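Before I ask anything, here is the structure I am working with.
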Amino acid sequence: QVQLVESGGGLVQPGGSLRLSCVASGFTFSSYAMSWYRQAPGKERELVASSTGSSTNYGDSVKGRFTISRVNAKNTVYLQMNSLKPEDTAVYYCNAERRIPGGYVYWGQGTQVTVSS
């Protein structure tokens, strides 16, 4: 059974930091690209950051502030978020994608991040 379990969300003041974690099970973690997406109320889901293991990619709005990392031995991907802004408020979702034709895509249940004073 595939599971992606996010944790680490919460309420933080502008300028603060949070680290999100996503623990995966039920598939070969090292063979999957791991990403973080987010969705704010009334907006479409957007890519925050992704990691294939050999490369990383970031959404323009988070470049220089967020860092994605993964530890394959722990089946875990992290998102370090610094200099948080109110516009970072959203539900953050962990995503796993096998980037081959017909590859599977899995989603976590999401974790709420609220940036507010």
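The values are calculated or read from the model by the stated rules, or taken from the named source; none is laboratory data. From a predicted model like this one, the values you see are computed outputs, not experimental measurements. No Cβ is skipped: glycine too gets one built from the backbone with ideal geometry, and neighbour counts run over all protein chains shown. The accessibility values were calculated without ligands, DNA or RNA, using every heavy atom of the protein model including side chains. Shrake-Rupley method; radii C 1.70, N 1.55, O 1.52, S 1.80 Å.
Just to be sure I understand the model, the point goes 7 Å from the Cα along the line to the Cβ. What's the resulting residue 39 to residue 105 distance in nm?
Inter-label distance under the simple model: 1.2 nm.
Taking θ as phi - 60°, what are the ³J(HN,Hα) couplings along the stretch 50-67 by the Karplus curve (6.51, -1.76, 1.60), each to the nearest whole Hz, with x for Gly and Pro?
Taking θ as phi minus 60°, the curve returns 9, 9, 9, x, 9, 8, 10, 9, 10, x, 4, 6, 10, 4, x, 10, 10, 9 Hz for the stretch 50-67.
Moving on. Length gain on complete extension for the stretch residue 55 to residue 82, per 0.36 nm per residue less the alpha carbon to alpha carbon distance?
Values: separation 27, 0.36 × 27 = 9.72 nm, distance 2.05 nm.
Contour length minus Cα-Cα distance gives 7.7 nm.
Apply 1/(1 + (r/R0)^6) to the Cβ-Cβ distance of residue 5 and residue 65, taking R0 = 30 Å, and write down the FRET efficiency to the nearest 0.05. Present the calculation step by step, with values, prior to reporting the outcome.
On the way: r = 24 Å, r/R0 = 0.81.
Once the sixth-power term is evaluated, E becomes 0.75.
Sticking with this structure for a sec: Want the number for residue 72 to residue 114: 0.36 nm per residue separation, take away the alpha-carbon distance, what's left?
Details: separation 42, 0.36 × 42 = 15.12 nm, distance 2.84 nm.
Contour length minus the Cα-Cα distance gives 12.3 nm.
For the chain, report the accessible area per residue in Å² (1.4 Å probe, heavy atoms, rounded to an integer).
Working: 6190 Å² over 117 residues.
In whole numbers, the chain has 53 Å² accessible per residue.
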